[in-house]
Amino acid sequence: MGQGEENKTREEASVEIQERGEIFLFYRPKVDKEEAHGTEDVQRLYLVLRPESGERSVEEKQDPHSGKEGAKRQADEDANQKVEGDGGGHGTQEVNIEKQPLLRFIVMGRKTLPDPAKKSTPYWGFVEMVTTEIEHVKSALKGGEYETATRGHRHLPDSRAVGEGVYRILRHDHPAGKSSRNRHTHLVYKLEFPAEGEQEEPQEALNITREASFIIQIKNPEQQQSSSSSSSSSSFRGLQKKRKASFPAHLQGLLGNKRFHPADPPDFLNYEGCEFLLISASDNIEQELGLELKAEQIHEGCTLQQAEECSDLVKTFGESAVPTRPLFKGTWL
């Protein structure tokens, strides 16, 4: 179904599209939970962004031998050796996003997206993995069995697909003027699945609205968080130093001495350990930004087979990669 289309609906709309692509959303039930029936049963909310076009067809990402991507590659070469990728992404590799898959596996610090009713509350998240290998993301979504010294055998459930749609990362100039001081960036998305008219129980609980606009700010890994900001948001403690991204000099230079910077360019998100804030701006993209984001709309009542045939999530990761009932039927699992 692809990256969708967009149209400006107001001549004065001060938006510039930086990146277009697909967004997939997943949740993972808590350890030893067979099913989730509410947010109290959810351990993690994941976003996967797959850029497909933008201002530049070639984006810069971390070296494929760094971070979790490098660890997974090494583990693939030696199946008998367990390799941990605890460090952040570093180095560089160019990827043509129009010809090669580029996947960002993102973890939200809270178990939901930002609440549309709380437009001043920042929600922290970070890039867990960046890879050009689809199998790496499939592996990250899978559950498993493991042993602990204190609690014995534990079961980690598979993640569940809960949303699929199209997204844009864009520059937006504040009405006060077009200087760099007034410019910020948005992450906006519009859902294709669940289809219009289906139940949306997990989506409503996880603040996954049919469409949304968030201001997105990149955290400077070289700037420490103040104690006042730390106390104001218990979900924004930040990553350990060894897990933070190590941006190349030209990206780090854009951050300067600022604690936060717009996601401009979006290449910041191509480094494991990149931390960011999402701040809810609107659940009506056209009203806020003068931009109509068009996604392929699936009609209520289509069969599961018809939905799977249309779903890029299923086409990308396979029919058996993760349970899809929350995605297609809008019910908890």
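The values are calculated or read from the model by the stated rules, or taken from the named source; none is laboratory data. Everything numeric here is computed off the predicted structure, so don't read it as measured data. Cβ sites come from the backbone with ideal geometry, for glycine too, and all protein chains shown count toward neighbours.
Tell me, which residue of segment 1-14 that is part of a strand (DSSP E or B) and within 21 Å of the chain's Cα centre (by Cα) is surrounded by the fewest Cβ atoms within 10 Å (Cβ to Cβ)?
Glu5
Can you find a residue that is touching a Lys or Arg at 6+ places or on another chain (Cβ under 8 Å) and modelled with pLDDT of 95 or more anywhere in segment 112-122? If you could, list the steps in order and put the result at the bottom.
Taking segment 112-122 and keeping what is touching a Lys or Arg at 6+ places or on another chain (Cβ under 8 Å), we get none.
No: segment 112-122 contains no residue that is touching a Lys or Arg at 6+ places or on another chain (Cβ under 8 Å) and modelled with pLDDT of 95 or more.
Only strands (runs of 3 or more DSSP E) wholly contained in segment 20-129 count here; list those with 1 or more residues that are of a type in the set (D, E, K, R) and either free of Cβ contacts under 8 Å to residues at least 60 places away in the same chain or over 29 Å from Pro157 (Cα atoms) (or both).
42-54, 58-61, 93-96
Have a look at Glu192, Glu196, Glu135 and point out the one that is more than 14 Å from the chain's Cα centre (by Cα) and assigned to a strand (DSSP E or B).
On the way: Glu196 fails: assigned to a strand (DSSP E or B); Glu135 fails: assigned to a strand (DSSP E or B).
Of the residues listed, the single one that is more than 14 Å from the chain's Cα centre (by Cα) and assigned to a strand (DSSP E or B) is Glu192.
When residues of segment 269-327 are filtered for being free of Cβ contacts under 8 Å to residues at least 24 places away in the same chain and surrounded by fewer than 18 Cβ atoms within 10 Å (Cβ to Cβ), how many remain?
9
This table checks each residue for (1) of a type in the set (Lys, Arg); (2) more than 20 Å from the chain's Cα centre (by Cα).
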| position | (1), (2) |
| --- | --- |
| Arg50 | yes, no |
| Gly67 | no, no |
| Ala71 | no, yes |
| Ala75 | no, yes |
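Could you tell me whether segment 144-163 includes any residue that is surrounded by 12 or more Cβ atoms within 10 Å (Cβ to Cβ) and part of a helix (DSSP H, G or I)?
No - not one qualifying residue is present in segment 144-163.
Of the residues that sit in segment 238-255 and are touching a residue at least 24 places away in the same chain (Cβ under 8 Å) and not in a helix (DSSP H, G or I), which one is nearest to Phe214 (Cα to Cα)?
Across segment 238-255, the extreme among qualifying residues is Gly238.
A quick yes/no check of all residues on (1) buried (at least 20 other Cβ atoms within 10 Å of the Cβ); (2) in contact with a strand residue (DSSP E or B) (Cβ under 6 Å, 6 or more places away or on another chain):
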{"residue": "Ser57", "(1), (2)": "no, yes"}
{"residue": "Gly87", "(1), (2)": "no, no"}
{"residue": "Ile106", "(1), (2)": "yes, yes"}
{"residue": "Met129", "(1), (2)": "yes, yes"}
{"residue": "Glu135", "(1), (2)": "no, no"}
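Return the total of residues in segment 260-304 being assigned to a loop (DSSP other than H, G, I, E, B) and under 13 Å from Ile216 (Cα atoms).
Within segment 260-304, the first condition is being assigned to a loop (DSSP other than H, G, I, E, B), and the residues that meet it are 263-265, 271-274, 283-284, 290, 295-303.
If we keep only those that are under 13 Å from Ile216 (Cα atoms) as well, we get 263-265, 274.
Qualifying residue count, segment 260-304: 4.
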